[in-house]
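Take a look at the structure set out below.
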Amino acid sequence: MPFISQIQRQTDYGLFPSTTPIVIDNGASYFRIGWAGENEPRVVFRNIVQRPRHKSTGETVTVVGDHDAALLKYFDCTRSAPRSPFDSNVVYQFEIMEYILDFGFDRLGANGSEIDHPVLITECVCNPVYSRSKMAELLFETYGVPSVAFGVDAAFSYKYNQQLGICTNDGLAISPGFTTTHVIPFVDGEPVYKGSCRTNIGGYHVTDYFKQLLSLKYPHHMTRFTWEKVEDLKMEHCYVAPDYALEAQLFQKGTKEAEDKTRCWQLPWVPPVVEEGPSEEELARRAAIKERQGQRLREMAEAKRSSRINELENELRGLAFLLKQLEQVGEEDIPSFLADTGYASKQEIESAHAKATQSLRKAKGEPKAEQVESDEKIDLSADEKFSLLSVPDNMLSAEQLKEKRRLNFLKTTTEGRQRAKQKRMEEELERERKNREDEERRLANPVLYLEELHVKYKELSEKVEQRKRLKTNGGNTNGNNLSGGVGRGERLNAAQRERMRLLTTAAFDRGKGEDTFGARDEDWQLYKLMSKDNDDDDDEHDPEEVELTRISSRLQEIDPTFIPKVESGTSQQVVEVPKFRPLTKEDFQVLLGVERFRCPEILFNPNLVGIDQAGMDEMAGVSIRRLSCDSKDVEDRLTRSILITGGSCLFPGISERLEAGIRMIRPCGSPIRVLRASDPVLDAWHGASMYASALQFPSQTFTRTDYYEKGEDWLRRYQVRYSL
Amino acid sequence: MEPEVIEAELVLPTYFSFKKTQIYEKYPKGQSSARRFKHLKQIIQAENIQSYPPDEPNYVNIESPPSMHPSKRICDITGYEAPYHDPRTKLRYANAGVFKVIRSLPSEYVQRYLALRNAAVVLR
């Protein structure tokens with residue numbers, strides 16, 4: 001809905017003589033002020049006040065009415081919520097009322113030392129005398145108003161429409177407002193408050209309900225559902241269904257009609273930028289660069305390798321030369337000869353030589369088979385070394401014994417290594433064999449093989465999942481499950497049972513009234529046992545999981561349609577946006593289907609929001625009953641002219657619904673006619689303006705002296721006469 | 001103060017010529033206005049309704065009675081007709097699909113749905 005506030009400062013204040021009354025429609029939603037006798041109010045704004053702090057200067061200022069958000073960004077509005085002077089439909093906050101009146105009079109162009117015009121201001125039905133007197137005091141004392149009149153806005157609206165010929169002298173005025181809904185019967189042109197009726201449901205509650213429903217349904221977009229936006233949505237899209245149950249059934253069945261009635265609000269959404277794959281030239285360029293880098297690295301590696309080969313060859317030549325020299329030198333001179341070179345004995349030199357040849361061969365990149373041979377050769381030479389072991393113990397000296405023990409140790413380790421190597425080779429052969437068999441089987445009968453694999457996969461996955469479920473034990477459920485938790489008789493697996501047993505025995509073991517757990521050191525071993533149990537538990541189903549992953553990978557290779565079952569956690573909330581797939585356009589759409597007619601329904605059925613009062617159609621019956629008129633004739637006259645007025649009656653379909661509802665409670669055949677006011681929103685002000693411009697209006701006002709002299713009781717009984 | 005703010009006259013001036021006493025004189029700073037004024041409940045209490053004749057309309061008199069129509073139960077989540085209600089969460093639901101959703105809702109949402117109907121448990 002467009003921004004309807006008009007706050008242009010009027011310039012013609014001085015043109016009006018001081019007998020011209022100022023007419024104020026003080027509503028819970030909007031404040032309208034203008035001159036009597038005119039067609040439209042001069043100044044209109046929302047009846048709220050904010051006191052934000054200016055961001056740079058830090059002073060607290062007052063802002064009245066609703067304003068363009070762009071200007072408000074200079075103020076820190078977080079701590080100041082908009083405040084209204086109303087509590088339900090009664091004014092109670094007179095400081096805020098004063099701010100609003102200040103603003104209103106200021107924009108009307110008021111200048112001079114006081115407001116020198118009579119004021120006609122609207123109030124609610126049966127306004128408490130406290131509120132009325134405070135308002136009169138405010139107007140008289142602070143603004144210097146000469147005379148004041150109070151009137152009910154719905155009555156003014158009815159009189160105005162009566163003048164227009166829409167409704168007759170006797171009738172019913174139904175006015176759903178912002179916070180309340182009133183039904184007032186009119187007899188002979190005057191409202192009879194004895195028969196009036198009020199329910200505390202209004203446009204505010206409809207908007208609030210709508211806002212809550214949307215926030216609960218789309219929690220991710222909650223920030224977008226501001227009060228103003230929701231109000232706009234309500235005014236644009238909500239309607240009253242002629243029969244709620246039927247309409248709801250349409251939507252429940254998902255008929256085409258329901259689809260048509262569902263409106264979709266697309267929130268702004270930018271699709272994520274898909275990076276276009278690099279073009280061909282880009283790819284070629286990158287490949288070339290990589291190639292060059294690879295080439296460079298290879299050259300460097302080559303250079304290093306050749307230098308190392310050279311080194312090794314040199315060493316080898318040196319060692320060979322040494323060996324040759326050794327052969328020439330005699331036995332006794334060996335130690336002294338070798339002392340220069342750094343080797344202790346001939347064997348060392350030989351082993352060093354062998355090692356050098358081996359590394360040389362490796363550096364030159366010869367096949368591994370030769371290396372295996374050389375390994376064996378080394379082992380053989382090691383066997384020779386172990387010759388010492390075959391000599392029995394008693395024949396060796398102490399040193400040799402030590403030597404023997406060391407050799408023993410070496411021997412066992414080398415034997416162990418050999419055995420491990422052998423086992424590995426066997427396993428590999430075995431695996432190769434199995435794979436070959438598998439392949440043969442697959443080639444022979446692909447379909448059957450695939451089926452078998454699938455079956456195996458399903459079985460294994462079920463087993464694994466079941467075990468997982470037992471393990472978690474329902475501990476993953478949300479706060480809704482009040483029962484649950486380990487140790488209440490639910491299935492525990494072996495390890496957890498063992499742990500429980502240990503705990504209980506430790507706790508109750510010693511008995512005899514005193515707990516001496518911990519006095520002995522052995523007690524603490526309990527914890528070691530418990531933690532060990534935990535570890536065992538984890539290893540249990542590992543082989544199964546391994547098997548499972550193997551099968552799933554195999555399936556993925558062979559079968560293009562296989563999708564590995566993703567581990568699903570506990571059920572997630574249906575409306576939650578799953579985080580595993582990219583957000584699409586649909587996630588940013590807000591669908592308004594049932595909410596469109598569910599929200600205005602509360603005007604007819606306040607039980608839906610927990611307010612235990614009658615709805616609009618029932619209120620008409622209550623009002624007629626309260627009037628306790630004797631003849632059916634009067635009642636018929638009332639129902640023949642039912643006027644609905646007020647901002648909340650702009651929902652499409654409200655008149656039909658009201659008529660159907662009233663027909664339900666009236667005797668069969670009675671005339672019912674529901675009429676809508678010519679301008680439901682502004683008619684109250686129009687009526688008041690017309691009233692204030694009548695000649696007899698001054699007789700209906702009361703002056704300051706009246707107020708002070710006549711006292712509160714008189715004020716309570718003060719009512720204006722509407723037919724002038 | 002930024003120029004466009006001044007031009008739009010967003011801020012309410014503190015002095016008005018047509019007022020006899022300005023607002024800052026009337027309400028000295030410090031005391032919060034919330035405590036200064038009576039709320040509606042207190043206003044009604046202070047009005048002393050019992051001393052007035054009962055058939056005279058006053059603010060409390062004219063309030064509507066509870067509804068006599070059979071109450072319509074609608075599903076809290078979807079808005080359809082709801083013949084069933086969940087004993088654990090006290091929400092009303094229309095069919096099994098909605099029931100599944102209800103059982104998967106976190107407790108905070110359950111309370112908010114109930115608060116819509118004014119049926120939430122309020123711990124004060």
Ordered by number, the residues of the range B:53-73 with at least 30 Å² less accessible area in the assembly than alone (1.4 Å probe) are B:GLU56, B:PRO57, B:TYR59, B:ILE62, B:GLU63, B:SER64, B:PRO65, B:PRO66, B:SER67, B:HIS69, B:LYS72
Longer than 23 Å from Cα to Cα, which of A:LYS217/A:LYS468; A:LYS55/A:LYS229; A:LYS134/B:LYS26; A:LYS585/B:LYS100; B:LYS20/B:LYS41; A:LYS217/B:LYS90 are they? Say none if no pair is. A:LYS217/A:LYS468; A:LYS55/A:LYS229; A:LYS585/B:LYS100; B:LYS20/B:LYS41
Among the lysines, which have Cα under 20 Å from the Cα of A:LYS423 when same-chain residues fewer than 8 positions away are ignored? A:LYS368, A:LYS411, A:LYS434
Excluding residues fewer than 8 positions from A:LYS632 in its own chain, the lysines with Cα under 29 Å of it are A:LYS159, A:LYS194
Quick check: residue separation of A:LEU450 and A:GLN589 times 0.36 nm, minus the Cα distance between them. What number comes out in nm? 45.7 nm
Pairing the Cα long axis of helix B:107-116 with the longest principal axis of chain B, what angle in degrees results, from 0 to 90 and rounded to the nearest 10? 70 degrees
Delta accessible area of at least 20 Å² on complex formation, residues of the range A:595-610, 1.4 Å probe, chain isolated as reference: A:ARG598, A:ASN605, A:ASN607, A:LEU608, A:VAL609, A:GLY610
Calculate the spin-label point distance for A:THR262 paired with A:LYS528, positioning each point 7 Å from the Cα along the beta-carbon direction, and give it in nanometres. 6.5 nm
Among A:422-433, A:636-647, B:8-19, how do they line up from the highest to the lowest mean number of other beta-carbon atoms within 10 Å? A:636-647, B:8-19, A:422-433
Nearest 0.05, what FRET efficiency do A:LYS434 and A:GLU462 give at R0 = 35 Å with Cβ-Cβ as r? 0.90
On the formula 1/(1 + (r/R0)^6), with r taken between the Cβ atoms of A:GLU427 and A:ALA660 and R0 of 51 Å, the FRET efficiency rounded to 0.05 is 0.05
Arranged from highest to lowest average of other beta-carbon atoms within 10 Å per residue, in what order do the peptides A:672-683, B:42-53, A:197-208 appear? A:197-208, A:672-683, B:42-53
Assuming R0 = 41 Å, can you tell me the calculated FRET efficiency for the pair A:GLU350 and A:LEU443, based on Cβ-Cβ distance, to the nearest 0.05? 0.15
Placing each pseudo-label 7 Å from Cα in the direction of the beta carbon, A:GLN719 and A:PHE409 end up separated by a distance in nanometres of 11.5 nm
Using a 1.4 Å probe on protein heavy atoms, which residues of the range A:81-101 have at least 30 Å² less accessible area in the complex than alone? A:ASP87, A:VAL90, A:TYR92, A:GLN93, A:GLU95, A:GLU98, A:TYR99
Roughly how large is the A-B contact in terms of buried accessible area, totalled over both chains, probe 1.4 Å, nearest 100 Å²? 7200 Å²
Would you give the gap between the C-alpha center of the range B:51-124 and the C-alpha center of the range A:46-61, rounded to a whole Å? 38 Å
Is there a quick way to get the dipole size of chain B? I mean about its Cα centre, with the Cβ of Lys and Arg at +1 and of Asp and Glu at -1; what is the value in debye to the nearest 20? 700 debye
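The values are calculated or read from the model by the stated rules, or taken from the named source; none is laboratory data. The structure presented is a predicted model; accordingly, all values stated were derived computationally and were not measured. For neighbour counting, all protein chains shown are included, and Cβ atoms are generated from backbone atoms with ideal geometry for every residue, glycine included. Heavy atoms of the whole protein, side chains included, go into the accessibility calculation; ligands, DNA and RNA do not. Shrake-Rupley method; radii C 1.70, N 1.55, O 1.52, S 1.80 Å.
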